[in-house]
1. May I have the extent of the alpha carbons of segment 69-111 along their three principal axes, as whole Å values ordered from largest to smallest?
2. From the Cα trace of segment 87-132, what convex hull volume per residue do you get, rounded to a whole Å³?
3. What percent of all Cα-Cα pairs in segment 6-53 falls into each 10 Å bin, going from 0 up to the bin containing the maximum distance?
4. Kindly flag which residue pairs out of LYS21/LYS100; LYS25/LYS100; LYS72/LYS122 have an alpha-carbon separation exceeding 27 Å in this structure.
5. Amide H of VAL80: which non-local residues (sequence gap of 5 or more, or other chain) have their own amide H closer than 5 Å, using H built in the peptide plane?
6. Figure the gain on full extension for ASP110 and LEU130 (residue separation times 0.36 nm, minus the Cα-Cα span) and round it to one decimal in nm.
7. For segment 1-28, list residues with backbone N below 19 Å from a point placed 7 Å from the Cα of LYS50 toward its Cβ?
8. Are there any trypsin sites (Lys or Arg not before Pro) in segment 1-76 that are in a DSSP loop and have at most 14 other Cβ atoms within 10 Å? List them by number.
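All of the numbers you see were taken from the coordinates with simple rules; none came from a lab. Every value quoted in this text rests on a predicted model; they were computed, and no experiment measured them. As a convention, Cβ positions derive from the backbone with ideal geometry for all residues, glycine included, and neighbour counts pool all protein chains shown.
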Amino acid sequence: MIYFIDFDYTIADTSVTEDCKGNYKEKQKLISQFHIYPEAIKFIEGTISKGAVYIVSGNVGGTIKKTIKYFKLPIDPNNVIGYRQGMPMDNLKRKIAVIKFAINYFNLEDRLTEIVYIGDEKDDETACNLIGINYKYPDWIDWTDSGINISLSLFYMKWFNYIISFLIWWFIDFCYLCGLKLTLYGK
């Protein structure tokens, strides 16, 4: 088997970089705060002897290589393919471009049925289906013990606050238009 493994949220929780979208230099400053999934490293260590392991990600290759070096991960930096300038920014199109680039770069065009892509997103699965390679969800990720849950909770809380604020202002405007006077506490 040949394994293509995604990086973000498959090997490492990189949620600390969410505010750095598009700025890889700022992301690289936060590498020390990444959380590496130990189960992902165990999988890689147990798989290297059985077949080829490549990191194929929409993240910038330099960021992945610096993370490998910082955490001393058992991954050959020469087996890393990441986003390259000129590739599409749309998530699905970028994933397709990166995977196709890796297949060509490592001369695996005639071995597509042997490739298994391990990734955490629906776009990973869709890209694999379109390209004609196998897909596997990383079963080592426990989303309940991840910063992702916190990030999603904050995302939903932010939208909840927007909706509540909108409803309050709508109610105040409605009362004003109807000629109703609101008595606020302390006034």
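1. 31, 27, 15
2. Cα-based convex hull of segment 87-132, divided per residue, equals 64 Å³.
3. Answer for segment 6-53: a P(r) of 25, 43, 23, 8 percent.
4. Details: LYS21/LYS100 24 Å; LYS25/LYS100 25 Å; LYS72/LYS122 29 Å.
Among LYS21/LYS100; LYS25/LYS100; LYS72/LYS122, the Cα-Cα distance tops 27 Å for LYS72/LYS122.
5. Amide H to amide H, under 5 Å and 5 or more residues apart or across chains, VAL80 pairs with ILE55.
6. Separation in residues times 0.36 nm, less the Cα-Cα distance, equals 5.6 nm.
7. Those under the cut-off are 1-6, 11.
8. Within segment 1-76, the qualifying trypsin sites (Lys or Arg not before Pro) (loop, at most 14 other Cβ atoms within 10 Å) are LYS21, LYS29, LYS50, LYS72.
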